[in-house]
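K.L.:
Dropping a structure here in structure tokens format, bear with me for questions.
The values are calculated or read from the model by the stated rules, or taken from the named source; none is laboratory data. Everything quoted here is computed from the prediction, not taken from an experiment. Virtual Cβ from ideal backbone geometry, glycine too; neighbours counted across all protein chains shown.
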Amino acid sequence: MLKNPYRGKFIVFDSLDGAGNSTQVKLLADYLNKIGEKSYVTKEPTSYLIGGLIKSQLTHDWKSSAECLQLLFCADRAYHLEKEIIPLLKKGINVISDRYFFSTIAYGNLEIKDFEWLIEINKKFILPDLTFFLKVSPKVCIKRIKKDRFEITLFEKEKILEKVWKNYEILAKKFKQVFIIDGEKKVEEIAKEIRKIVLNKLKFKR
């Protein structure tokens, strides 16, 4: 992956579905904007054309091969970076993304056993300055998902999520600046821990 060469910082949250990514992304963005570090929130899959195709497959509207799905994720990501993320980073605006390539690799390895190929097809993309994985047990994730959503998507089953989390742990060892956070603590406690890491690692002024 490529090191971020731009003024803005790129921060990613990538965890099991139901772990609380979206909540922590919003809390961090609100905090950074409050202290004068202009920040923008985005997510993957995107709401662009290819992102829509991906979402349709994840909700069983259509089906392709696992390899096709991974390449769609990469195409969506390439456009996401070109259209949205990189222009903001160039302006010095921090970008916080709810999911990135870690997620597609962790889930993609369920059907595609060639872990290195999954990494290889993402090698031209920017590596985040900081990445957070929220560690929440699959049982708790499923409970949260069932409470908040009507439909369970393609990957949201407990035993599957156990395998996916193991892949996240492998990725945390392979890449720098990845922090695993206990996502079962109180929301504000998690947010404080994340803020502390962000301020220390990225040298943001309070």
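K.L.:
Just need a number here: residues in the range 20-67 that are aliphatic (A, V, I, L, M) and modelled with pLDDT under 95.
P.N.:
Number satisfying all stated conditions: 1.
K.L.:
Sticking with this structure for a sec: Out of (1) within 16 Å of PHE13 (Cα to Cα); (2) modelled with pLDDT of 95 or more; (3) part of a helix (DSSP H, G or I); (4) not β-branched (Val, Ile, Thr), the odd one out for PHE132 is which?
P.N.:
Here PHE132 clears every test but (3).
K.L.:
Out of (1) over 13 Å from the mean Cα position of the chain (by Cα); (2) within 17 Å of PHE125 (Cα to Cα); (3) surrounded by fewer than 22 Cβ atoms within 10 Å (Cβ to Cβ), what's the single condition that is false for THR46?
P.N.:
Result: THR46 fails condition (1) only.
K.L.:
Oh, and also: Which one of LYS90, LYS123, LYS173 is loosely packed, with under 15 Cβ neighbours inside 10 Å and either free of Cβ contacts under 8 Å to residues at least 60 places away in the same chain or touching a helix residue (DSSP H, G or I) at 6+ places or on another chain (Cβ under 6 Å) (or both)?
P.N.:
LYS173
K.L.:
If you scan the range 19-38, which residues turn out to be more than 16 Å from the chain's Cα centre (by Cα) and not in a loop (DSSP other than H, G, I, E, B)?
P.N.:
Taking the range 19-38 first, the residues more than 16 Å from the chain's Cα centre (by Cα) are 30-38.
Within the range 19-38, ASP30, TYR31, LEU32, ASN33, LYS34 qualify.
K.L.:
Does the range 141-164 contain any residue that is of a type in the set (Phe, Trp, Tyr), in contact with a helix residue (DSSP H, G or I) (Cβ under 8 Å, 6 or more places away or on another chain) and part of a helix (DSSP H, G or I)?
P.N.:
No: the range 141-164 contains no residue that is of a type in the set (Phe, Trp, Tyr), in contact with a helix residue (DSSP H, G or I) (Cβ under 8 Å, 6 or more places away or on another chain) and part of a helix (DSSP H, G or I).
K.L.:
Can you pull out the residues in the range 96-132 that are charged (D, E, K, R) and either touching a Pro at 6+ places or on another chain (Cβ under 6 Å) or over 27 Å from ASP182 (Cα atoms) (or both)?
P.N.:
Matches in the range 96-132: GLU111, LYS113, ASP114, GLU116, GLU120, LYS123, LYS124.
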